[in-house]
Each structure stands twice: as structure tokens, then as C-alpha cells.
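These notes are about the structure you will find just below.
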Amino acid sequence: MKNSYSKSQECKLESGSKIVGKWHSHPYKIVRTLGAGATGTVYLAESAHGLVAVKVGTDSMSITSEVNVLKHFSKVQGQVLGPSLLDVDDLVTQGDTYPFYVMEYLKGEPFIFYMQNRGREWLGILMIQLLGDLQRLHTAGWVFGDLKPDNVLVTGPQQK
């Protein structure tokens with residue numbers, strides 16, 4: 001049986017393009033790219049419920065693994081340790097199928113930019129908050145294996 005998921009090429013979506021999930025038929029309008037990594041590209045998108053982050057991948061197993069982690073994050077000691085998972089679906093475009101999931105969009109600032117704009121005095125405060133979140137994850141049996149400044153987003157109290 002042929003695997004319908006594209007493994008060799010990523011799905012590049014242009015600003016203004018509209019996607020609709022194969023299974024749930026929820027529409028999303030792409031605003032811009034937020035970032036890209038080894039398992040896919042994350043886009044800022046408009047939905048019926050406001051702005052969301054859509055991650056489109058090339059490998060269904062990687063996407064499924066990330067979805068399972070997001071589901072578990074929502075259950076860690078009543079604490080919110082990441083964005084809420086909103087939808088999981090497939091995108092069919094030009095004969096290829098790409099798995100995707102939709103998360104709550106957390107408006108924030110990348111750690112490096114935050115530190116450059118606010119100054120060193122914030123480093124201790126942010127590290128204490130980060131270490132608290134990591135401790136909650138470790139207590140729940142999880143290890144965050146890709147901790148680096150590029151993967152840390154600083155949000156304000158009004159966002160989450």
C-alpha cells in the first residue's frame with residue numbers, strides 16, 4: 001500500500017492562501033510563516049475563532065507524536081505549559097497529503113529579542129519561570145529535549 005504522505009518535500013503555503021482540512025473541513029487563511037524546523041513549518045492563520053498557529057508537517061508519525069505531547073501538556077498538574085491543541089487534520093494539495101495540527105496562537109516575543117529589548121535584569125526572572133515549568137514537566141515524566149533560546153517564547157500575563 002502506497003503511503004500518501006509526502007516525505008520528500010515540504011508544503012509551502014503562501015500568505016493569503018486558504019486551506020481546508022480533509023476530515024473536519026475547518027478553513028484556515030494563512031497570514032504568514034512563524035517558523036520552520038525539522039518536522040514542519042508553523043504558520044500564523046486566521047480561523048473562525050481568531051488567530052491560530054498551524055503546523056504543517058511531512059511525516060504523519062512526527063506530527064502524531066507532537067499532538068500527543070500537546071495533549072499531555074494540557075494535563076500536567078493543572079498548569080498550562082504550552083498552547084492548547086485545537087484541531088488535527090490532513091491537507092490535500094496537488095495530489096500530496098500533509099498532516100497538520102492547529103494550536104492556540106501565543107502572542108509573544110522570542111527570548112533573544114526580549115532580552116535585547118529589556119536588559120539583563122530580566123534573565124533571572126525568566127530563568128526561574130522556565131525552571132519551574134521544566135520541573136513540572138520532569139515531575140510528570142517528560143524531558144524537554146530541544147531547549148535552546150530559539151525555542152523559548154516570552155508571553156505576557158494577558159496572553160496566557
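Can you tell me which residue within the range 140-157, out of those that are farther than 18 Å from Arg118 by Cα and not hydrophobic (A, V, I, L, M, F, W, C), is nearest to the chain's Cα centre (by Cα)?
Restricting to residues being farther than 18 Å from Arg118 by Cα and not hydrophobic (A, V, I, L, M, F, W, C), the top hit is Asn151.
Scan the range 18-41 for residues that are within 21 Å of Gln94 (Cβ to Cβ) and hydrophobic (A, V, I, L, M, F, W, C) and jot them down.
Passing the criteria: Ile19, Val20, Trp23, Ile30, Ala36.
Yes or no: Leu126 in a loop (DSSP other than H, G, I, E, B) and not assigned by TED's automatic domain parsing to the domain that holds Leu85?
Details: in a loop (DSSP other than H, G, I, E, B): no; not assigned by TED's automatic domain parsing to the domain that holds Leu85: yes.
Criteria not met by Leu126.
Name every residue in the range 124-160 that is of a type in the set (D, E, K, R) and loosely packed, with under 11 Cβ neighbours inside 10 Å, in order of residue number.
If the condition is that a residue be of a type in the set (D, E, K, R) and loosely packed, with under 11 Cβ neighbours inside 10 Å, then Asp146, Lys148 are the ones that fit.
Is it the case that Lys107 is out of contact with any strand residue (DSSP E or B) (no Cβ under 7 Å at 6 or more places or on another chain), in contact (Cβ under 8 Å) with a residue 12 or more places away in the chain and under 19 Å from Ala45 (Cα atoms)?
Against the criterion (out of contact with any strand residue (DSSP E or B) (no Cβ under 7 Å at 6 or more places or on another chain), in contact (Cβ under 8 Å) with a residue 12 or more places away in the chain and under 19 Å from Ala45 (Cα atoms)), Lys107 qualifies.
Got a sec? Which strands (runs of 3 or more DSSP E) wholly within the range 1-62 have at least 1 residues that are modelled with pLDDT of 95 or more, hydroxyl-bearing (Ser, Thr, Tyr) and closer than 20 Å to Pro83 by Cβ?
Here the list reads 27-37, 40-47.
From the list Leu91, Leu131, which one is of a type in the set (A, V, I, L, M, F, W, C) and farther than 25 Å from His49 by Cα?
Numbers: Leu91 fails: farther than 25 Å from His49 by Cα.
Exactly one residue qualifies, and that residue is Leu131.
Please find, within the range 136-160, the residue that is farthest from Met103 (Cα to Cα) out of those that are among the β-branched types (Val, Ile, Thr) and not in a loop (DSSP other than H, G, I, E, B).
Taking the candidates together, the pick is Thr139.
So for the range 79-91 (the condition being of a type in the set (Val, Ile, Thr), modelled with pLDDT of 95 or more and not assigned by TED's automatic domain parsing to the domain that holds Gln135), does at least one residue qualify? Break it down into steps so the answer makes sense when it comes.
Within the range 79-91, the subset of a type in the set (Val, Ile, Thr) is 80, 88.
The next check asks that each one be modelled with pLDDT of 95 or more; those that pass are 88.
Keeping just the survivors that are not assigned by TED's automatic domain parsing to the domain that holds Gln135 gives 88.
Scanning the range 79-91, I find at least one residue that is of a type in the set (Val, Ile, Thr), modelled with pLDDT of 95 or more and not assigned by TED's automatic domain parsing to the domain that holds Gln135, so the answer is yes.
Of all residues in the range 31-60 being hydrophobic (A, V, I, L, M, F, W, C) and in contact (Cβ under 8 Å) with a residue 40 or more places away in the chain, which is surrounded by the most Cβ atoms within 10 Å (Cβ to Cβ)?
Start the filter on the range 31-60 by keeping residues that are hydrophobic (A, V, I, L, M, F, W, C), which leaves 31, 34, 36, 38, 42, 44-45, 48, 51-54, 56.
Filter once more, so that each one left must be in contact (Cβ under 8 Å) with a residue 40 or more places away in the chain: 44-45, 51-54, 56.
Details: Leu44: 19, Ala45: 22, Leu51: 13, Val52: 22, Ala53: 18, Val54: 27, Val56: 24.
My answer is Val54.
Kindly indicate whether Asp133 is outside any loop (DSSP other than H, G, I, E, B) and touching a Pro at 6+ places or on another chain (Cβ under 9 Å).
When the stated conditions are applied, Asp133 does not pass them.
The values are calculated or read from the model by the stated rules, or taken from the named source; none is laboratory data. Quick caveat, the model's predicted, so the values are computed rather than measured. Glycine gets a Cβ as well: all are built from the backbone with ideal geometry, and neighbour counts include every protein chain shown.
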